[in-house]
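Note sheet for the following structure.
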Amino acid sequence: MARGGFGGFPGGGNMNNLMKQAQKLQKQMEESQKELENSEFEASTGGGAVSVKVNGKKEVLSVNIKEEVVDSDDVEMLEDLILSAVNEALRKADEETANKMGKLTGGMNIPGLF
């Protein structure tokens, strides 16, 4: 092996720099992940008739239903409103996670990362 080189890392120091950068990135990603997990995302449907709040761990925190949309003759509509609100809140959480992590990874998609 050539002096000062290691498997395509001439000078040896570049490998140390790369490891430091990787550790720094890992720490930033862990901090961002914690922040995202504690974030709340809210969505509503039916003009605010149903609103749902989720966190970054994709747990439903609350569901609020206005009294005027509760109709025992049309349970299916209420179910649809709840389903839409939950899906929209989860989509917002996913979008924010992808956005925040994408900034850290420079847009690289790293499978299993988030």
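The values are calculated or read from the model by the stated rules, or taken from the named source; none is laboratory data. In this text, all values refer to a predicted model and were calculated from it rather than measured experimentally. In this analysis, Cβ positions are derived from the backbone assuming ideal geometry, glycine residues included, and neighbour counts consider all displayed protein chains.
Annotations
- Asn64 being modelled with pLDDT of 95 or more and surrounded by fewer than 16 Cβ atoms within 10 Å (Cβ to Cβ): yes
- Residues satisfying the stated conditions in the range 46-98, i.e. more than 27 Å from Glu35 (Cα to Cα) and among the hydrophobic types (A, V, I, L, M, F, W, C): Ala49, Ile65, Val69, Val70, Val75, Met77, Leu78, Leu81
- Number of residues in the range 36-55 that are touching a helix residue (DSSP H, G or I) at 6+ places or on another chain (Cβ under 6 Å) and farther than 17 Å from Asp80 by Cα: the value is 3.
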